[in-house]
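Peer 1: So that we are looking at the same thing, I have put the structure below in structure tokens.
The values are calculated or read from the model by the stated rules, or taken from the named source; none is laboratory data. Model, not experiment: these values are computed from the prediction. Cβ sites come from the backbone with ideal geometry, for glycine too, and all protein chains shown count toward neighbours.
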Amino acid sequence: MKNRYILTIVAAIALLCSCEKHTEVYFDTPFVRIEDANGKATMDIDHTLDNMLTEIRVVVSASNNYFTEPITVEYEVIVGDGLKEGEDFRIQASHRSPLTFSPGTYALPIRVIWYKATDFDPAKDNTLRLRLTGTSVPGMQLGVPGPGGKRSEFIFKQL
Amino acid sequence: MKKTFKILACAFAAVAVLASCEPKVVPDAKCELTAFALSSGIVGRIDATSAPKTIIVVVPTSVTSNTFTPTFTATEFDTVTIDGTPVTSGETSVRISNGSKVVVTDAVSAMTTEYLIIVQANDEVAELTAVSFKAADNSLLDEDVTPDAIASEMVVRVPGEAFRQELTVTVEAGMNDEIKVNNTVVESGSSIKVDTSFPIDITVTDAIAGTTASYVLKVGKILEYTVAFLGAFTEGTINDFTMALNPADDMPYFAYTRKVGEESNNNVSVKKWNGSSFVLVGSTGLADASARSASKPMVAFAKDGTPYVKYLAGDVASKPTVKKLDGDWQLVGTAGFTPQNNNSTYYSAFFIHPSNGRPTLFWAGNSRNTTSYRTMAVSMFDGSEWASNVVTGTVPAYGSGSTASSGNYYKSVYAGNDSKAFIASSFNEFGYYVHEVNADGTLTTIVDSFIPDGAPHGLPANLQFKMGPNGSLYLMGAVRTTDGGYMQVFTVDQDAKTLKAYGAASRSITISANGGISEDFGFAVNPVDGLVVTAFDDSENTSFAYLDDNLQWAYFTGNFADAASEYYVEFDKNGIGYIAYLTEAKELTLYKVALEEDILPE
């Protein structure tokens, strides 16, 4: 008889424990991506065009939990062996890495002017890659969440 | 007991010694505030150099209470009162208003310092108030360059030598706003160098209001007009031609007389420039030139773009004939519809009246002892037949002046728009006239007998007449002087009913025996921006010129023909201009005049 009471009490406690309030888990992973105005991560450049201005953007996605102070985003510039900075293209100096996002600013441009390629060689690597490398927010994902880290790199290709 | 007393005495002495070793209070010789805030978001700006010393606090309009718990830092041993109330930092609530007095008192000296609190309301707006490239800061600029208005996207234009160069930009923003130009903080009213190859990003933040405004400033080039060769053609041998723009397709059409192959007389054809080549409009050789040449061909357009061609037809004794393009060229009414033959020295005004679509021709008769002899007459087609009348009352009559030939009607030129028709006319001795042509062909006088100062008598026959922006009218004519003359553009002042010289005199002229001038010329006014362009033969050299910002003639550069004739200039409604002339080799040659292609950093 006594054991039965004990069992009932234990069961009640277990039941109460299982009724613990459920905590909502929200998606709150900060991330940063690099893309053009259409959300694409590549752009072809006609090598015969001169003084062609292109603009892409770096977009941060971070809730107020993370965006209490400026966020800096770093990117690296990888120039293929078919291109020369200053001759074939120029990146706007004021928008070079690192980019600083003040709270409330979620997108910043990166602008590149392309010049007519006088010695274009299609056999060479004529790509210009802008690759996100880090941010000031610990845990901020580079590229959109999901496999492959899409839009963590933007590729211009001169054709 | 004694021993105990000794111990206590020693202990007391030691305590006394230790107490006497405590550091002495030394005045810091300072009595001032080093920081002051009404709350975490309202930080005061202490100005200890002003007299009186001030603390400026900017209070957002959203803050309605005037009671605050200030936090502050003062120098050592100082106490603070605000309007007489002792205040402890972060603890004491006190009423603060503009003019409140903060008194800092040094507890260990006689020093005191007073501050006056100045309360400013924040404007709550983050806004750029001015941006400019000042000539004083930029050697490549002759004058300050500013956008028309502050907007989220702004464009300024600089001369070619400053285009895509590094320039210094000056920015100003509203109260308490922080300005960043290309991510660099710039004080309001200060300057920063920018690479104008790229758009310039300007961000203005009002931290107090928590608002931000973003702007993009693009620096373009001041666009200049350029002339480009489009093409040339001949059909057999072209004798003469006229050019008009079709309002439907904005393309230039050419009515011309030509002899092809073994033809012995000039026939009439019409071609158009279709944007890439010249193409025939209807059949070639649309007149009956089997017996005598046709001459003075002109093309005009209905509002829907239907072309009409008029020429003096050889088969009807140099009377005018009009044909309309309806599949091919179809006769309008009868051939040779005027009662007398026409003076074939000059082209005269032929147009489709915009109010009723009636083909209309102003002409001068060339048959002696008739009422139309060297007198203005008008013919209109009402849809079934032509009606011709001599114009009286509103123009001089032949022989009405000081000589038998005074009042000789030379010619009229048409200018109009969708609703109104105007002609400018020249009469020997009586000068230039401008009339509005009413729907029934009668005239309403705008300018009566205009003779420029210095003209001893009469005027040469030659004139051109064009419509400019907003229906304004311009006339280019020859001003006769004692030793020759010169070309001059006039505006038509419709209120004062007179012509007014516009811009510098153009080239000098030679007046021939028949009252005309020896040099051909054409001119037009851009309806978009009012640019006046002329083309003319200049001592056996073709020149294209325009009135610059100072209303002086500036010349276009180009490889134009050495000598040519029959110059025509026309602008379409979008500001694209065409210049055509006939070379000595009888090639009809066409150029385009337009602003250079716009290149903005975008």
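Peer 1: Among the residues of the range A:52-73, which ones are within 14 Å of chain B (Cβ to nearest Cβ) and surrounded by 13 or more Cβ atoms within 10 Å (Cβ to Cβ)? Break it down stepwise before answering.
Peer 2: Of the range A:52-73, the ones within 14 Å of chain B (Cβ to nearest Cβ) are A:52-58, A:64, A:67-73.
A:Met52, A:Leu53, A:Thr54, A:Glu55, A:Ile56, A:Arg57, A:Val58, A:Phe67, A:Ile71, A:Thr72, A:Val73, listed by residue number.
Peer 1: Restricting to the range B:463-487, count the residues that are at negative phi and surrounded by fewer than 19 Cβ atoms within 10 Å (Cβ to Cβ).
Peer 2: Going through the range B:463-487 one residue at a time, the tally reaches 6.
Peer 1: For A:Val112, are the conditions met, namely being over 13 Å from A:Arg129 (Cα atoms), in contact with a strand residue (DSSP E or B) (Cβ under 6 Å, 6 or more places away or on another chain) and assigned to a strand (DSSP E or B)? Don't jump to the end; show me each part of the working.
Peer 2: Values: over 13 Å from A:Arg129 (Cα atoms): no; in contact with a strand residue (DSSP E or B) (Cβ under 6 Å, 6 or more places away or on another chain): yes; assigned to a strand (DSSP E or B): yes.
For A:Val112, the condition - over 13 Å from A:Arg129 (Cα atoms), in contact with a strand residue (DSSP E or B) (Cβ under 6 Å, 6 or more places away or on another chain) and assigned to a strand (DSSP E or B) - is not met.
Peer 1: Answer yes or no as to whether B:Asn559 is surrounded by fewer than 17 Cβ atoms within 10 Å (Cβ to Cβ), more than 14 Å from chain A (Cβ to nearest Cβ) and either at pLDDT below 90 or in a strand (DSSP E or B) (or both).
Peer 2: It is true that B:Asn559 is surrounded by fewer than 17 Cβ atoms within 10 Å (Cβ to Cβ), more than 14 Å from chain A (Cβ to nearest Cβ) and either at pLDDT below 90 or in a strand (DSSP E or B) (or both).
Peer 1: What number of residues within the range A:75-97 satisfy the criterion of being touching a residue at least 60 places away in the same chain (Cβ under 8 Å) and more than 14 Å from every other protein chain (Cβ to nearest Cβ)? Show your work before the answer.
Peer 2: Kept after step one, since they are touching a residue at least 60 places away in the same chain (Cβ under 8 Å), are these residues of the range A:75-97: A:82-83, A:88-89.
From the residues that got through so far, the ones that are more than 14 Å from every other protein chain (Cβ to nearest Cβ) too are A:82-83, A:88.
Count: 3.
Peer 1: Only one of (1) modelled with pLDDT of 95 or more; (2) more than 20 Å from B:Glu187 (Cα to Cα); (3) part of a loop (DSSP other than H, G, I, E, B) fails for B:Asn98. Which number is that?
Peer 2: The single condition B:Asn98 does not satisfy is (1).
Peer 1: Only one of (1) more than 14 Å from chain A (Cβ to nearest Cβ); (2) of a type in the set (D, E, K, R); (3) part of a strand (DSSP E or B) fails for B:Asp148. Which number is that?
Peer 2: (3)
Quick grid of which residues meet (1) within 26 Å of the chain's Cα centre (by Cα); (2) more than 14 Å from chain A (Cβ to nearest Cβ); (3) buried (at least 20 other Cβ atoms within 10 Å of the Cβ); (4) in contact (Cβ under 8 Å) with a residue 40 or more places away in the chain:
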site: B:Val169; (1), (2), (3), (4): yes, no, yes, yes
site: B:Glu178; (1), (2), (3), (4): no, no, no, no
site: B:Pro199; (1), (2), (3), (4): yes, no, yes, yes
site: B:Thr212; (1), (2), (3), (4): no, no, no, yes
site: B:Leu230; (1), (2), (3), (4): yes, yes, no, yes
site: B:Phe233; (1), (2), (3), (4): no, yes, no, yes
site: B:Thr242; (1), (2), (3), (4): no, yes, yes, yes
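Peer 1: Out of (1) out of contact with any Ser or Thr (no Cβ under 7 Å at 6 or more places or on another chain); (2) within 14 Å of chain B (Cβ to nearest Cβ); (3) over 28 Å from B:Thr196 (Cβ atoms), what's the single condition that is false for A:Pro109?
Peer 2: A:Pro109 satisfies every listed condition except (3).
Peer 1: While we're on this one: Could you count how many residues in the range B:184-197 are in a loop (DSSP other than H, G, I, E, B), polar (S, T, N, Q) and either free of Cβ contacts under 8 Å to residues at least 60 places away in the same chain or loosely packed, with under 14 Cβ neighbours inside 10 Å (or both)?
Peer 2: First, pick out the residues of the range B:184-197 that are in a loop (DSSP other than H, G, I, E, B): B:187-190, B:196-197.
Next, only the ones that are polar (S, T, N, Q) stay: B:188, B:190, B:196-197.
Now narrow it down to the ones that are either free of Cβ contacts under 8 Å to residues at least 60 places away in the same chain or loosely packed, with under 14 Cβ neighbours inside 10 Å (or both): B:188, B:190.
Total meeting the criteria: 2.
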